[in-house]
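Read the structure below first, then the notes.
The values are calculated or read from the model by the stated rules, or taken from the named source; none is laboratory data. Small disclaimer: the values here were computed from a predicted structure and weren't measured. All Cβ positions, glycine included, derive from the backbone under ideal geometry; neighbour counts span all protein chains shown.
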Amino acid sequence: MHANRYKLIAGLLLGCAGAVPPVWAGGDCWLEIYDQNGFEGNKVKIEGPADLPSLAKLNGENWGNRIDSLAVGPKAQVWAFRQENFKDDYSGLAYHGDAIRNWGEDARSFSDREISFGAGHREHHLGELNFHRNINSLKIGCVP
């Protein structure tokens, strides 16, 4: 009788152990995206961790080239990319590529093809960072 009781308790404990979220979970690892500046308009909340190589079917809608403001959860780190599939795009150099090459530097290191946001960050208008409605893939990492 006691052996069955211990097996039941052990089974319950082991069964629950698999369902316990990682240390960073608990609702604090997320990203909220908005299609208007100032955290207005349509909104989607994405729970992390997540790799989103395309935003074309996010929450049943196309969010590619649509994000205008965002808020990062207190235990999240976000990387946003101009291209789908986290690809590099050197055509939109933040500075003049020819001048950078003339200085002997690699122009790719000066491109603005991706941007990152730390935990708790709120960006009211991505236009100020030259990323206004210009995000097509996202990575959300969770921090302890």
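Structural remarks
- Looking at F131, F81, F86, F110, just one residue is at pLDDT below 95, over 16 Å from the mean Cα position of the chain (by Cα), of a type in the set (F, W, Y) and surrounded by 15 or more Cβ atoms within 10 Å (Cβ to Cβ), and that residue is F110.
- Test for K43: is it at pLDDT 95 or above and over 19 Å from S116 (Cβ atoms): yes
- Applying a threshold of 9 Å to beta carbon distances and a minimum spacing of six or more residues, or different chains, the list of pairs starting in the stretch 18-41 at a residue that is under 14 Å from R133 (Cβ atoms) and acidic (D, E) and ending at one that is outside any strand (DSSP E or B) and modelled with pLDDT under 95 reads D35/R133.
- Annotation: of all residues in the stretch 47-62 being within 13 Å of the chain's Cα centre (by Cα) and closer than 16 Å to E84 by Cβ, the one that is surrounded by the fewest Cβ atoms within 10 Å (Cβ to Cβ) is D51.
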